[in-house]
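Take a look at the structure set out below.
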Amino acid sequence: MTQRHRSNNFLTETLEGLEDKNLLRGLRQVDGPQAARIKLNGREVLNFCSNNYLGLANDSRLKQAAIEAIEQEGFGSGASRLVCGNMRSHQRLEEKLAQFKGTESAVTFSAGYMANLGIISSLFGRGDIIFSDRLNHASIIDGILLSQAESKRYPHADMDSLEVMLKNSSGFKRKAIITDSVFSMDGDCAPLRAIVALAQKYECLVMIDEAHALGVFGPRGEGLAHHLGLQDKIDIQMGTLSKAAGSFGAYCCGSKQLISFLVNKVRSFIYTTALPPLVAAASLRAIEIIEKEENWRKTLLANADYVKKYLKDLGFDTMNSASPIIPILVKDSQTALEFSQRLLEEGIFVSAIRPPTVPVNTSRLRLTVMATHTREDLDYLLGRMKKIGKELCLF
Ligand SMILES: *Cc1c(COP(=O)(O)O)cnc(C)c1O
């Protein structure tokens, strides 16, 4: 058999395997900007699956900031940050992030995925041990793999298990606990207080990923660490600018030394072209808006509470959601898919999350609310969920 035949067989087998299990996915096209209502495959639907929690992805002020940056700095950045790609907009964004988060310094990355891959694999290596929540984001898992450090995954948010693991791990050079602050599929929050206490007791570094907490929690939208007053006890504060900030890219905030280390050592920072400056300019504007306009955050959390309360009263299982990410546990993956399809027929876009993204028999709808959903939008959603949920015998 030729190489090409072998490779074709592999592709066919893999794709057919996915299709047989009803897990083959395709891309759907959105026309026009991201918002509470979007045009999906040519038809307007209510959008309940975006991470654009505050509606900033199409905010006129972000667009204006990007336009001004294009006019002053052009489009592309031309090189990596350490060569000649470090432009004024990158610099200003990092100064703002450090001030906003109250850290000595900050550095940005081209994406959250690249940030986690690079930060974790540059800071840790053979002889180190990393304790990681079992539900951490894929980019954290991949970063740990790449680091070649010993990896211990503790059951989700289970502090007793984490402590047992910490007790039984002597002989390593360095230890770290890494966790999402808000979990992307369950919408619950990490027990950060307990994690910080254990880290102090067992002399571990702490790294958190605030992807779903920036702009959502904290007195000025800084994230969950600030919400709990723990920011000074967390060594590595990573987050993304692609969710509530409505832009693109990621950051790490911390001490001057840490940031200088990352700039010198992170391969996904060094060997990649800097973000286009307009993206950094839009991110900066987003942080300024998040900092000043608390009303959006309040509306977002009120919308989330409203939806959750209604669904719980009906008898749906929204797991431990404490954020605008609301899972609705269906368990069976075929039923989750059918629920999502029936909602789409009614003009409501909510994604069904199935294995391998979540464990077997925990298939769910993953509903995310936005600050820009109106009460009518939410009531329409809830009315349809009640009707379809009843027909599918989900409560
Ligand atoms: C989305 C996400 C990332 C990846 O960020 P991108 O900027 O989209 O690459 C990393 N961590 C968590 C927890 C996320 O939810």
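Just a few scattered comments:
- Interchain or long-range residues, amide H under 5 Å from LEU205's placed H: LYS175, ALA176, ILE177
- ASP232 versus ASN168: modelled label distance in nm, points set 7 Å from Cα along the beta carbon direction: 3.6 nm
- For ALA322, the residues whose amide H sits under 5 Å from its own are ASP188, CYS189, ignoring neighbours fewer than 5 places away on the same chain, with H placed 1.01 Å from N.
- Note: region 1-45, Cα convex hull, 108 Å³ per residue.
- Per-residue ellipticity at 222 nm computed for the chain from its helices equals -13500 deg cm²/dmol, with DSSP H segments shorter than 4 residues left out and the rest contributing -39,500 (n - 2.57).
- Under-5 Å amide H pairs with TYR154, H placed in peptide plane, nonlocal only: SER132, ASP133, ARG134
- Overall form of region 1-151 per C-alpha gyration tensor (a/c, 1.5; a/b vs b/c): oblate
- Hz values of 3J(HN,Hα) by residue in region 64-81 - Karplus curve (6.51, -1.76, 1.60), Gly and Pro given as x: 4, 4, 5, 5, 4, 5, 4, 5, 8, 10, x, 9, x, 9, x, 6, 6, 4
- Sequence-ordered 3J(HN,Hα) estimates for region 344-357 from the Karplus curve with 6.51, -1.76 and 1.60 and θ = phi - 60° stand at 4, 4, 8, x, 10, 9, 9, 8, 8, 10, 10, x, x, 4 Hz, glycine and proline given as x.
- Most positive-pole-ward Cα, ALA79, HIS226, SER50, against dipole of the chain from beta carbon charges: ALA79
- Think of each Lys and Arg Cβ as +1 and each Asp and Glu Cβ as -1; about the Cα centre, that makes the dipole of region 298-338 roughly 220 debye.
- Among the listed pairs LYS39/LYS386; LYS63/LYS243; LYS173/LYS201; LYS96/LYS292, those with a Cα-Cα distance over 20 Å are LYS39/LYS386.
- Shape class for region 226-286: oblate, because the ratio a/c of the largest to smallest gyration tensor axis (alpha-carbon atoms, square roots of eigenvalues) is 1.5 or more and b/c is at least a/b.
- Normalised convex hull volume, the chain, alpha-carbon set, Å³ per residue: 169 Å³
- Difference of contour (0.36 nm per residue) and Cα-Cα distance, LYS387 to LYS298: 29.1 nm
- Rounded to the nearest whole Hz, the Karplus-based 3J(HN,Hα) values (6.51 cos²θ - 1.76 cosθ + 1.60, θ = phi - 60°) of region 172-186 follow the sequence 8, 5, 9, 10, 9, 10, 10, 8, 5, 8, 10, 7, 6, 9, 9, with x at glycine and proline.
- Ranked packing of 375-388, 319-332, most packed first, by mean Cβ within 10 Å: 319-332, 375-388
- GNM remark for the chain: springs join alpha carbons under 10 Å apart, and the peak mean-square fluctuation among GLU19, GLU150, GLU294 falls on GLU19.
- For a straight C-alpha distance cut-off of 22 angstrom, the lysines reachable from LYS387 (same-chain residues fewer than eight places away being disregarded) are LYS308, LYS309, LYS312, LYS331.
- Each peptide among 161-174, 120-133, 25-38, 345-358 gets the average number of other Cβ atoms lying within 10 Å of its residues, and from highest to lowest they stand as 120-133, 345-358, 161-174, 25-38.
- Global geometry of region 123-232, whether rounded, prolate or oblate, following the gyration tensor of its Cα atoms and the 1.5 cut on a/c: prolate
- Cα-centred dipole magnitude for region 142-297, charges only on beta-carbon of K, R (+1) and D, E (-1), debye, nearest 20: 540 debye
- Here the chain is treated with +1 on each Lys and Arg Cβ and -1 on each Asp and Glu Cβ, and its dipole about the Cα centre works out to around 340 debye.
- Candidates per chymotrypsin sites (Phe, Trp or Tyr not before Pro) in region 53-110, loop by DSSP, up to 11 other Cβ within 10 Å: PHE75
- Extension reserve of the ARG6-LYS21 stretch, reckoned as 0.36 nm per residue once the Cα distance is removed: 3.1 nm
Bear in mind that the values in this text are calculations on the coordinates, not laboratory data. This is a predicted model, so every value here is computed, not measured. All Cβ positions, glycine included, derive from the backbone under ideal geometry; neighbour counts span all protein chains shown.
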